[in-house]
1. Non-local amide H neighbours of I212 (under 5 Å, H modeled in plane, Pro and chain starts lacking H): which ones?
2. Using a 7 Å offset from the Cα along the Cα-to-Cβ direction at both Q92 and K73, what is the distance between the two label points in nm, to one decimal?
3. Would you mind counting up the charge near T194? Only other residues with Cβ under 9 Å from its Cβ, with Lys and Arg at +1 and Asp and Glu at -1.
4. Under 5 Å between amide H atoms, partner at least 5 residues away or on a different chain: which partners does V219 have, H built in plane at 1.01 Å?
5. What percent antiparallel are the DSSP beta bridges of the chain, to the nearest 5?
6. Assign unit charges at the C-beta atoms only (+1 for Lys and Arg, -1 for Asp and Glu), then state the dipole size of the chain relative to its Cα centre in Debye, rounded to the nearest 20.
7. Calculate log10 I(q)/I(0) of region 1-56 for q = 0.22 Å⁻¹, where I(q) comes from the Debye formula with a single equal point scatterer on each Cα and nothing for solvent.
8. Work out the length of the dipole vector of region 109-152 about its Cα centre, built from +1 on the beta-carbon of each Lys and Arg and -1 on the beta-carbon of each Asp and Glu, and round it to the nearest 20 debye.
Amino acid sequence: MKIIETRELKKTYTLGKVEVNALNGVNALVEEGEFVAIMGPSGSGKSTFLNMVGMLDVPTSGEIYLNGTEITKMEEHARVEYRLRNIGFVFQFFNLFMELTAIENVMFPMMLSGHPFYKERAEELLESVGLKSRINHLPSELSGGEQQRVTIARALANQPKLLLTDEPTANLDTKATHEIMELFRRLNEEKHQTIIMVTHNPELGAKTDRIIHFRDGKVVK
Ligand SMILES: Nc1ncnc2c1ncn2[C@@H]1O[C@H](COP(=O)(O)OP(=O)(O)OP(=O)(O)O)[C@@H](O)[C@H]1O
Ligand SMILES: [Mg+2]
């Protein structure tokens, strides 16, 4: 089953009189259950692609099918709702609410979606990422690797079809990088979680099922 298909995806940013073609007609396909890496030089459009697929931004032209539904022309309200239920996003900078504890951060998206047992589920999620003993810590009381595991637990809260992550280990040391990678592998193998991960690290790319190579806003391999 295809989970993501893009057709001739283009994105042009206009800054004053300057136009930047960040995506130049991307045709990409990801199957359900795959763990895919996106690699390519800086500025090749990796983050732009991920943001389009993750419904954080809209393309200039082209189509994106998420689980068979064309998502580029959805109106704002439907878009926010669809995104909340189908997509989990993990960024390079952890983007946690600094004044909320680990468990409160994880509960947050479930409160938005009206999950009935959000506290219990948040506890389970934090336990599954190895943070059972840290649930009441604030982000400032956690290591970088632990903070990233909280964001992964939070991204998984509403059981998204798709987990997207943009350089998730760029700010982590080698040990924490290894732990996060193990966690993604386990989620993929045990829960069949589909994951698309942008990375600059060839070692991490090699640990995924497949690498999509970007160059100049296109898929080259
Ligand atoms: N909001 C924006 N406004 C204008 N130009 C942008 C914007 N976002 C990205 N760009 C430009 O689009 C191109 C693609 O950027 P993108 O962030 O997708 O690259 P990337 O492959 O993720 O690079 P990196 O590996 O450095 O993160 C770049 O030339 C960038 O300068
Ligand atoms: Mg990027």
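1. Under 5 Å from the amide H of I212 lie the amide H atoms of A37, I38, M39, each far enough along the sequence or on another chain.
2. Taking the simple label geometry, Q92 and K73 are separated by 3.5 nm.
3. -2
4. When sequence neighbours closer than 5 places are left aside, the close amide H contacts are N27.
5. 55 percent
6. With only Lys, Arg, Asp and Glu charged at Cβ, the dipole is about 420 debye.
7. Here log10 of I(q) over I(0) equals -0.93.
8. Once rounded to the nearest 20, the dipole reads 40 debye.
The values are calculated or read from the model by the stated rules, or taken from the named source; none is laboratory data. In this text, all values refer to a predicted model and were calculated from it rather than measured experimentally. Neighbour counts run over all protein chains shown; Cβ positions are idealised from the backbone, glycine included. Just so you know, the surface numbers come from the protein's heavy atoms only, side chains and all, with ligands and any DNA or RNA stripped out. Shrake-Rupley method; radii C 1.70, N 1.55, O 1.52, S 1.80 Å.
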